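Participant: Please read through the structure below; I'll follow up with questions.
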Amino acid sequence: MAREQLSEVRYGWNGFADRQDLATALAGEIADRLTGAIAERGTALLAVSGGTTPAKLFAVLSTTPIAWDKVTVTLVDERFVPPSSPRSNAGLVAANLLQNEAAAARFVPLYHEAASIEDAATADSEALRSLPWPLDVVILGMGGDGHTASFFPDAGNLEELLDPVSQRIVLPVHAASGGEPRLTLSMTRIVAAGFLALHIEGEDKRAAFNGAMGPGAKKPIRRVLEAAPRPAEVFWAP
Ligand SMILES: O=C1O[C@H](COP(=O)(O)O)[C@@H](O)[C@H](O)[C@H]1O
């Protein structure tokens with residue numbers, strides 16, 4: 001076995017018969033974690049992913065009774081597009097999560113108009129420094145190529161993004177496979193979360209996940225799960 005495959009990857013597998021059941025269960029878990037954090041420290045910090053997968057989860061979560069006025073929501077990652085773009089993760093969150101009961105939450109975006117993605121990442125790191133770290137809950141997604149957050153396998157600065165002792169909060173990403181430039185939370189901030197979940201749907205994603213956990217070059221999702229001090233929970237439905 002190749003040397004790089006020797007480290008352990010620990011995670012829990014939560015499989016559901018359908019996507020609505022998954023959304024209900026994961027929303028319940030998120031609600032319990034956020035409510036626990038509010039009871040402990042008066043506030044809670046949640047980071048969610050974008051893309052195509054989380055809309056159903058967001059809809060359920062938005063109607064879940066939580067002290068939303070004590071919750072800060074931010075993004076795991078963002079495309080460098082304004083919220084009006086159909087590619088915007090902030091737009092997805094505004095339309096699907098920050099509705100109903102969850103409209104009372106405070107949202108901290110990653111996208112701001114800036115001369116460059118590097119400037120935007122620097123401004124974000126400053127703006128996010130005052131949040132009540134660590135994150136209580138992080139919900140990751142995953143692409144078929146094994147990327148999670150905006151940790152794309154072809155990102156020029158992948159090692160910097162995955163640096164386990166990075167002091168950075170938000171980093172810029174240039175990756176041809178990611179389309180437009182990206183902003184992403186650093187891996188250190190993600191894996192320090194009290195509860196780290198990976199939400200994936202479909203047989204193709206299950207196969208991609210199993211492939212990433214198997215032998216061969218380590219995909220970003222595997223590197224993140226290996227770096228997490230607490231085992232992540234994977235939520236999957238066909
Ligand atoms: O580009 C992104 O992709 C991943 C996965 O998205 P999906 O459409 O396959 O669900 C997502 O987790 C990430 O936040 C997003 O920026």
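Participant: Measure out, as a whole number of angstrom, how far apart the alpha-carbon centroids of the stretch 194-208 and the stretch 55-90 sit.
Facilitator: Cα centres, the stretch 194-208 to the stretch 55-90: 18 Å.
Participant: Turning to a different aspect of this structure: Would you kindly give the portion of the calculated P(r) for the chain that falls above 31 Å, as a percent of all Cα pairs?
Facilitator: 16 percent
Participant: By how many nm would the segment from ALA94 to ARG230 lengthen if fully extended, with 0.36 nm per residue of separation less the alpha-carbon distance?
Facilitator: Details: separation 136, 0.36 × 136 = 48.96 nm, distance 2.98 nm.
Separation in residues times 0.36 nm, less the Cα-Cα distance, equals 46.0 nm.
Participant: So, one more: One quarter of the convex hull surface, Cα atoms only: what value does that give for the stretch 121-238 in nm²?
Facilitator: Taking a quarter of the hull surface, the average projection is 7.3 nm².
Participant: Then there's this: Which of the lysines could a cross-linker span from LYS56 if the Cα-Cα distance has to be under 22 Å and same-chain partners fewer than 8 positions apart are dropped?
Facilitator: LYS205
Participant: How would the stretch 57-135 be classified by its alpha-carbon gyration tensor: rounded, prolate or oblate, with rounded meaning a/c under 1.5 and the a/b versus b/c comparison settling the rest?
Facilitator: Oblate is the answer for the stretch 57-135, as a/c is 1.5 or above yet b/c matches or exceeds a/b.
Participant: Show me 179-188, 85-94 ranked by packing, highest mean number of other Cβ atoms within 10 Å first.
Facilitator: 179-188, 85-94
Participant: Hey, another quick one. Return the aspartates and glutamates within reach of LYS218: Cα separation strictly under 14 angstrom, same-chain partners fewer than 8 residues apart disregarded; answer none if there are no such residues.
Facilitator: Of all the aspartates and glutamates, those that pass the test against LYS218 - Cα under 14 Å, at least 8 places apart if same chain - are GLU4, GLU8, ASP145, ASP154, GLU159, GLU226.
Participant: Considering amide H positions built from the backbone, and no H for Pro or chain starts, which residues 5 or more places from GLU233, or on another chain, come under 5 Å of its amide H?
Facilitator: GLY12, LEU196, ALA197, LEU198
Participant: Work out, step by step, the length gained on full extension between GLN167 and ALA67: first 0.36 nm times the residue separation, then minus their alpha carbon distance; give nm to one decimal.
Facilitator: 32.9 nm
Participant: Right, next: Within the stretch 95-155, which GluC sites (Glu not before Pro) sit in a loop by DSSP and count at most 14 neighbouring Cβ atoms inside 10 Å? Please list the in-between numbers first.
Facilitator: On the way: sites: GLU101, GLU113, GLU118, GLU126; in loops: GLU113.
When the GluC sites (Glu not before Pro) of the stretch 95-155 are filtered for loop state and at most 14 Cβ neighbours within 10 Å, GLU113 remain.
Participant: Here's a follow-up. ³J(HN,Hα) across the stretch 158-167 via Karplus (A = 6.51, B = -1.76, C = 1.60, θ = phi - 60°), whole Hz, x for Gly/Pro?
Facilitator: 3, 5, 5, 4, 9, 4, x, 10, 4, 8
Participant: Ok, one more. Helix-derived [θ] at 222 nm for the chain: sum -39500 (n - 2.57) over DSSP H runs of at least 4, divide by residue count, nearest 500?
Facilitator: Value at 222 nm, helices only: -10000 deg cm²/dmol.
Participant: Would you list the membrane-span-like helices of the chain, meaning whole DSSP H runs whose alpha-carbon atoms span at least 30 Å along their axis and whose mean Kyte-Doolittle value is at least -1.0?
Facilitator: For the chain, where a helix must reach 30 Å along its axis and average at least -1.0, the hits are 19-41.
Participant: Which listed residue (ALA105, ILE117, PRO132) has the Cα farthest towards the positive end of the charge dipole for the stretch 96-164, taking +1 on Lys and Arg C-beta and -1 on Asp and Glu C-beta about the Cα centre?
Facilitator: Working it through, the farthest residue towards the positive pole turns out to be ALA105.
Since every read-out is calculated from the coordinates, none of them should be taken as a lab result. A quick note: this is a predicted structure, and the numbers were derived from the prediction, not measured. Here the Cβ is made from the backbone with ideal geometry for all residues, glycine too, and neighbour counts use every protein chain on show.
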